[in-house]
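**Q** To start, I am sharing the structure in question, which I have written as C-alpha cells.
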Amino acid sequence: MDDYEETRPLLVNDELTDEDRSEQDSYLDKVKNGKLYMATFAAVLGPLSFGFVLGYSSPAIPQLRKIQDPRLQLSTEEASWFGSVVTIGAALGGLLGGWVVERIGRKLSLMFCAVPFICGFTVIIAAESHWMLYVGRVFTGLASGVTSLVVPLYISETAHERVRGTMGSCVQLMVVTGIMGAYITGLFLDWQWLAITSSIPPTLMLEQSFSLADLKDPGVFKPLGIGIMMMLLQQMTGINAIMFYAETIFEQAHFESSDVATVIVAATQVVFTAIAAIIMDKAGRKALLILSGVTMCVSEAVFGVYFKLTVKHNNSSLMSVLTDAQGSLAEQPPTDLAWLAVGSMGLFIAGFALGWGPTPWLVMSEIFPTRVRGLGSALCVLTNWTCAFIVTKTFQNLMDAITSAGTFWMFSGLCALSVIFTAIFVPETKGKTLEEIQARFKGTHQH
C-alpha cells in the first residue's frame, strides 16, 4: 500500500484532460487492490469496535439492573447514564481526533484508537463500582469519537475513485455489524464476558504493525509467550480470591471492625510494594519473583491446612461454614487457628506485593520490541483481566467442588508452578538495555 500511496498524488489532479484521464484509466485498470483492501479492512476494525460499544449497553443494562451486587446494580437513572455517557466520550474523542490526526498522522491515529477501546472494556470487566462502569464507557466513547473521524479520512485519502465509494461505505457497514455482533453475543454471554468479546476487534487493530510472519521471530514470540504466561500466573495465584474473603477471615479472628481489616491489608500492600520498588534494581526481577512465589506457595498451603482443620464437612464451602441456616455466625474456630489464617493472609499479601504484584507489569514493559509493543501489551492486559474474572467468578464453585482446603492447595500448587516458570523462562532484565534484552531473546547476546 505504501507504493500506491506514493503514486496516488499523480492521479488526483483537480482538472484532467481527456488524454490524462485515458492514461489514468489505463493505469487504474492495472492496479491490484489487494493491499488497499487489507489496509481498509484493518482500518474498519475501528468502526466495528465502535459498533460493539454502541450495542454493548443493550444486553448489558438488563443484566446490570438485576445483578445482586449492590456496588454494580443499576437503578433506572444509573442505567440511563451508563447508556448515554458514551456519547460524552465520543464528543471529546471527536475534538481530540482532529488534533491527533494532524500531529501523528492517520495510521498512528488508528492504532492510538485501540488503546482507549481496550482500556475502557478492561475497566468495565474489572468494575467494582458504578463509577468504574461509567469511566469504562467514557473511554470506549472517546475511542469511538476518534475512530469516527480518522477512519473515513484515512480511507478517502488512500482509496482511488473507482473503489472509494465502496470502501467508504464499509465504515457504516462495520458499525452496524458491530451492533449486531454485540446483540447476538449478548444472547449467550453475561455482561463481563460480553465486554471481553467486545475488546477483541480493537486488539486486532494493532495488526497494522504486526503480521503473522513476526511470530517466526524469537524476538517476538518468546517475549509474547512469557508476558502472557506471567499475567496468567499472576491471577492464578488466587490474589482476588484471597481479597474476596479477607473481611470474613478477619471476622473469624475477632476483628469486629471491617475498617481496621481494610487498613491492615492496604498498609501491608503499600509497605511491601514500596520495598519492592526500592530493591527491584538491586535484587533483580527473577529473585523477587521466586521469593514471592515461594512465600505465596507456603502461605496458601497453610491456608489449606487451616480450612481442613476448621471445616466440619469436606464438601462444605467457606460460606456455609461461616453461616448457619439463619444466617448467623457458626461456632467460631479456636482463636489460635483464626490467627493462623490471619497470619497466612498477611504473609500471602506481603509475598504478592513484593514480587508477583508489580513485577509482571514491569517485565512486560521491558521485553517487547518496539514494533509489537502495543499489541503485546494489549494481549497481556487482556489476559490478566480475563483470568482475574475467571478466578473470581469460579472461586465459590471451586470450593463447592474440591472443598476450601483443596482450592487453596490448588492455588499453592500454581504458585509453585510460577516459581518453576520464573526459574526456567523469565529473563533477568536488571541493568540491561532494551537492545540487550532483545538480543538475548534472539540468541545474539554477547557473554
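The values are calculated or read from the model by the stated rules, or taken from the named source; none is laboratory data. None of the values given here were measured: they were computed from a predicted structure. Cβ atoms come from the backbone with ideal geometry, glycine included; neighbour counts cover every protein chain shown.
**Q** For the stretch 69-80, does any single residue satisfy the condition of being assigned to a helix (DSSP H, G or I), crowded, with 16+ Cβ neighbours inside 10 Å and at negative phi?
**A** For the stretch 69-80, residues assigned to a helix (DSSP H, G or I), crowded, with 16+ Cβ neighbours inside 10 Å and at negative phi: present.
**Q** Identify the single condition in (1) in contact with a Ser or Thr (Cβ under 9 Å, 6 or more places away or on another chain); (2) at pLDDT 85 or above that W81 does not satisfy, given that it satisfies every other one.
**A** (1)
**Q** Could you say which residue among V298, V265, V260 is buried (at least 17 other Cβ atoms within 10 Å of the Cβ), at pLDDT below 85, assigned by TED's automatic domain parsing to the domain that holds I226 and part of a helix (DSSP H, G or I)?
**A** None of the others qualify; the one that does is V265.
**Q** Going through the stretch 271-314 one residue at a time, which ones are within 24 Å of the chain's Cα centre (by Cα) and hydroxyl-bearing (S, T, Y)?
**A** T273, S292
**Q** In the stretch 408-424, is there at least one residue being within 20 Å of A277 (Cβ to Cβ), assigned by TED's automatic domain parsing to the domain that holds A287 and surrounded by fewer than 16 Cβ atoms within 10 Å (Cβ to Cβ)?
**A** Among the residues of the stretch 408-424, not one is within 20 Å of A277 (Cβ to Cβ), assigned by TED's automatic domain parsing to the domain that holds A287 and surrounded by fewer than 16 Cβ atoms within 10 Å (Cβ to Cβ), which makes the answer no.
**Q** Within the stretch 419-426, is there a residue that is touching an Asp or Glu at 6+ places or on another chain (Cβ under 9 Å) and in a helix (DSSP H, G or I)?
**A** no
**Q** Working carefully through the options L108, L142, L95, L153, find the one that is crowded, with 24+ Cβ neighbours inside 10 Å and either of a type in the set (A, V, I, L, M, F, W, C) or not in a helix (DSSP H, G or I) (or both).
**A** L142
**Q** Let me ask something additional. Is it the case that some residue within the stretch 37-48 is assigned to a loop (DSSP other than H, G, I, E, B), modelled with pLDDT of 85 or more and within 24 Å of the chain's Cα centre (by Cα)?
**A** no
**Q** Residues in the stretch 329-343: is at least one polar (S, T, N, Q) and modelled with pLDDT of 85 or more?
**A** no
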